[in-house]
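So the structure is just underneath, and the comments pick up after that.
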Amino acid sequence: MASETPQKIAILSVYDKTGLLDLAKGLVKQNIRLLASGGTAKLIREAGFPVDDVSAITKAPEMLSGRVKTLHPAVHAGILARNLASDEKDLAEQNINKVDYVICNLYPFKDTVAKINVTIPEAVEEIDIGGVTLIRAAAKNHGRVTILSDPEDYHDFLQELEQGEVTEKSRQLHALKAFSHTADYDNAISDFFRKKYAGDGLQQLSLRYGANPHQKPASAYMTDRKLPFKVLNGSPGYINLLDALNAWPLVKELSEALEYPAAASFKHVSPAGAAIGVPLNEVEKKVYMVEDIEGLESSGLAQAYARARGADRMSSFGDIIALSHEVDLPTAKIISKEVSDGVVAPGYKPEALEILSKKKGGKYLVLEMDKSYNPPNQEIRTAFGVHLTQRRNDARITPHNTFNSIIVPKESAPLPDSALRDLTVATIALKFTQSNSVCYALNGQVIGLGAGQQSRIHCTRLAGDKADNWWMRFHERALAIKWKKGTKRADKSNAIDLLCSGIVPESGIEREEWESKFEQVPTVFSDEERKAWLGKLSEVAVSSDAFFPFTDNIFRVAKSGVKYIAAPTGSQNDQPCFETAEKLGMTFVEQHIRLFHH
């Protein structure tokens, strides 16, 4: 006579008892034996359904005030056993029955730690051990065992049982949810203890707020290591860190690629300027307002920041600064004169840190970056609750490997070192600029950058207009401006910007406000004067983060002294762009890597 099919077993241990009695009723209807722990067993029993305590199979009572209930080989061997002869033999020798269904959800750790002034001992008592072990064991063995960790799944589960058996696909999805449940639970625990034990900036740092003041709470943290930066002064905001953590790799890569100190001036997650420490001439010192900085000639880093800040002073107002090398006294002196929110660098000379720590009434942000830190290969971000992951953009931009594919002119000689340098500056800057983006560079610095535009031509025009403005500041009329005593640097920058952009107000109170900054009001540039001066700008390099779709971009860059173009290809209009560049006397280099950044 054939042996009788053994009665199937379900173990129930739930904190959230939603739908529990309906589930118990359905299981009993299918002649499934119920084993339950603590309050779960009590509720089922009081409802009149047959249920045994887990101790009926463990032969051991709950102990340690409920800390140990289900941790026993009789439970977990029954859950983890496979349909293998060796497993069957082991179970038979220990008189253990297989468990077919596990219904378990966990103590609400998140709710506990969300309470005001919750203590560590209170939180510790809410850490579920047995439940997590039940869930993981059942989820691991989902080839045979069904794990239910969400009351929302009870209804469909019972319907499947009534139809015969739980399908393999359902077991897989239940297991996936179970693993996610325990992972989320573990994350909540580690999050709590990270805040308690490493929330002083070691692994977690509380921020004032997120992108806007109403977006609270906000924090920066790492789960598996120390934060790669230390706060030496001030208190970082969310956008401060977005800027700093984009600006730092820019200067790090720029310095490594060109073997110069490098600097960047960042605003709203795009560079306003970036440069390497090419020595400044006397005119550049005056244009960048650093002619009075003692020791400037001896500091490549100071000269790099003077270039980065001076490229687009309007956009750099209130910047986050990134510096590739230890900050010295001349660099700190420049920063002390500018309106800036913070700086990130691998180190600071004591005298430099003293100066910086006094800015903004002692609230100036100073971050020290661990220069040995390399981020993981995979990046993760969340958009509208959806997790997105991608490989980090680890493309390497170097002068001699990135720009050696000259398309036109056909028989062109290799690019001069100055062009390779400037294309490298422009292209690395684009790698960390919100797309679409186009960058003009000269003398080892960005001179115009168009960021975050939906159309390529608007990037090209914006960057070109900035480059034109930069060059107009070198005109003798701009250099000869006599300022009224007491005029602030920011007001000087604004006034020069209006003059050099050709948008000085014609009349009225705005014109009066502009004129009030000067000891002697400069004559506005005529269209002919602007055209003549801009015609002297030459040898400019331009790079694009993606291909140029139309020739209008080529015509526009030619108006701003561009000699060298680097861009990816792939547009239907590649050939017309190449031909137009050659007709206009420009060298077009294929840059093989698209560099979108968002």
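The values are calculated or read from the model by the stated rules, or taken from the named source; none is laboratory data. For clarity, every value in this text was computed on a predicted model and none was experimentally measured. Don't worry about glycine lacking a Cβ; one is built from the backbone with ideal geometry, like all the others, and counts go over all protein chains shown. Accessible surface areas use protein heavy atoms only, side chains included; no ligands, DNA or RNA. Shrake-Rupley method; radii C 1.70, N 1.55, O 1.52, S 1.80 Å.
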**Q.** Selection from the stretch 24-34 of residues that are surrounded by fewer than 22 Cβ atoms within 10 Å (Cβ to Cβ) and among the hydrophobic types (A, V, I, L, M, F, W, C)
**A.** VAL28, ILE32
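Can you confirm whether SER170 is out of contact with any Lys or Arg (no Cβ under 9 Å at 6 or more places or on another chain) and open to solvent by 40 Å² or more (accessible area, probe 1.4 Å)?
Details: out of contact with any Lys or Arg (no Cβ under 9 Å at 6 or more places or on another chain): yes; open to solvent by 40 Å² or more (accessible area, probe 1.4 Å): no.
In short, no.
Quick check on this structure: which one of LYS349, LYS363 is over 26 Å from the mean Cα position of the chain (by Cα), surrounded by fewer than 19 Cβ atoms within 10 Å (Cβ to Cβ) and on the phi < 0 side of the Ramachandran plot?
Values: LYS363 fails: over 26 Å from the mean Cα position of the chain (by Cα).
Only one candidate passes the filter, namely LYS349.
Restrict the check to the stretch 286-302 and report whether at least one residue is closer than 28 Å to ARG489 by Cα, among the hydroxyl-bearing types (Ser, Thr, Tyr), free of Cβ contacts under 8 Å to residues at least 60 places away in the same chain and open to solvent by 50 Å² or more (accessible area, probe 1.4 Å).
Here is the first cut: in the stretch 286-302, the residues closer than 28 Å to ARG489 by Cα are 286-302.
This time we only want the ones that are among the hydroxyl-bearing types (Ser, Thr, Tyr), so: 288, 298-299.
Pick out the ones that are also free of Cβ contacts under 8 Å to residues at least 60 places away in the same chain and you get 288, 298-299.
If we keep only those that are open to solvent by 50 Å² or more (accessible area, probe 1.4 Å) too, we end up with 298.
Yes, the stretch 286-302 contains a residue that is closer than 28 Å to ARG489 by Cα, among the hydroxyl-bearing types (Ser, Thr, Tyr), free of Cβ contacts under 8 Å to residues at least 60 places away in the same chain and open to solvent by 50 Å² or more (accessible area, probe 1.4 Å).
One line per residue, one yes/no per condition, for (1) farther than 22 Å from ASP574 by Cα; (2) among the aliphatic types (A, V, I, L, M):
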| residue | (1), (2) |
| --- | --- |
| ASN404 | no, no |
| SER435 | no, no |
| ALA441 | yes, yes |
| THR460 | no, no |
| ALA463 | no, yes |
Q) Residue check: is ALA175 in contact with a strand residue (DSSP E or B) (Cβ under 9 Å, 6 or more places away or on another chain) and either open to solvent by 80 Å² or more (accessible area, probe 1.4 Å) or in contact (Cβ under 8 Å) with a residue 40 or more places away in the chain (or both)? A) no
Q: Name the residue, out of LEU430, LEU415, LEU423, that is assigned to a loop (DSSP other than H, G, I, E, B) and modelled with pLDDT of 95 or more.
A: LEU415
Q: Among residues belonging to the stretch 241-281 that are assigned to a strand (DSSP E or B) and more than 21 Å from the chain's Cα centre (by Cα), point out the one that is surrounded by the fewest Cβ atoms within 10 Å (Cβ to Cβ).
A: ILE276
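Examine the stretch 506-521 for a residue that is closer than 26 Å to TYR440 by Cα and out of contact with any helix residue (DSSP H, G or I) (no Cβ under 7 Å at 6 or more places or on another chain), and state whether such a residue exists.
Going residue by residue through the stretch 506-521, those that are closer than 26 Å to TYR440 by Cα are none.
No, there is no match, as no residue in the stretch 506-521 is closer than 26 Å to TYR440 by Cα and out of contact with any helix residue (DSSP H, G or I) (no Cβ under 7 Å at 6 or more places or on another chain).
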Q. Would a scan of the stretch 561-582 turn up a residue that is open to solvent by 40 Å² or more (accessible area, probe 1.4 Å), under 17 Å from ARG461 (Cα atoms) and part of a loop (DSSP other than H, G, I, E, B)?
A. no
Q) Identify, please: which residue in the stretch 43-62 is at pLDDT 95 or above and part of a helix (DSSP H, G or I) and is, among those, most open to solvent (accessible area, probe 1.4 Å)? A) GLU46
(Q) Which pairs turn up if I take residues in the stretch 152-170 that are modelled with pLDDT of 95 or more and among the small types (Gly, Ala, Ser) and look for partners that are surrounded by 11 or more Cβ atoms within 10 Å (Cβ to Cβ) and in a helix (DSSP H, G or I) with beta carbon separation below 7 Å, at least 6 apart in sequence or on another chain? (A) SER170/GLU160
Q) Taking the stretch 310-329 on its own, how many of its residues are assigned to a helix (DSSP H, G or I), under 18 Å from ASN240 (Cβ atoms) and open to solvent by 10 Å² or more (accessible area, probe 1.4 Å)? A) 1
Q) Within the stretch 178-215, how many residues turn out to be free of Cβ contacts under 8 Å to residues at least 60 places away in the same chain, open to solvent by less than 70 Å² (accessible area, probe 1.4 Å), among the polar types (S, T, N, Q) and over 30 Å from LYS267 (Cβ atoms)? A) 2
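Please enumerate the residues belonging to the stretch 344-401 that are among the charged types (D, E, K, R) and outside any strand (DSSP E or B).
Restricting attention to the stretch 344-401, the residues satisfying the condition of being among the charged types (D, E, K, R) are 349, 351, 354, 358-360, 363, 368, 370-371, 379, 381, 391-392, 394, 396.
Answer for the stretch 344-401, where residues must be among the charged types (D, E, K, R) and outside any strand (DSSP E or B): LYS349, GLU351, GLU354, LYS358, LYS359, LYS360, LYS363, ASP370, LYS371, ARG392, ASP394, ARG396.
Here is a list: SER65, SER37. Which entry is hydroxyl-bearing (Ser, Thr, Tyr) and open to solvent by less than 60 Å² (accessible area, probe 1.4 Å)? It would help to see each step written out before you state the result.
Working: SER65 fails: open to solvent by less than 60 Å² (accessible area, probe 1.4 Å).
The match here is SER37.
Could you identify the single residue in SER357, SER340 that is open to solvent by 20 Å² or more (accessible area, probe 1.4 Å), of a type in the set (Gly, Ala, Ser) and out of contact with any His (no Cβ under 9 Å at 6 or more places or on another chain)? Explain how you work it out, then say what you get.
Working: SER340 fails: open to solvent by 20 Å² or more (accessible area, probe 1.4 Å).
None of the other options fit; the residue is SER357.
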Q) Going by the conditions given, is GLU126 within 21 Å of GLU62 (Cα to Cα) and not aliphatic (A, V, I, L, M)? A) yes
Q) Is it the case that some residue within the stretch 396-412 is without any contact (Cβ under 8 Å) to a residue 60 or more places away in the chain, open to solvent by 80 Å² or more (accessible area, probe 1.4 Å), within 22 Å of MET289 (Cα to Cα) and more than 22 Å from the chain's Cα centre (by Cα)? A) no
Q) Are any of the residues in the stretch 79-100 touching a residue at least 24 places away in the same chain (Cβ under 8 Å), within 20 Å of LEU27 (Cα to Cα) and of a type in the set (A, V, I, L, M, F, W, C)? A) yes
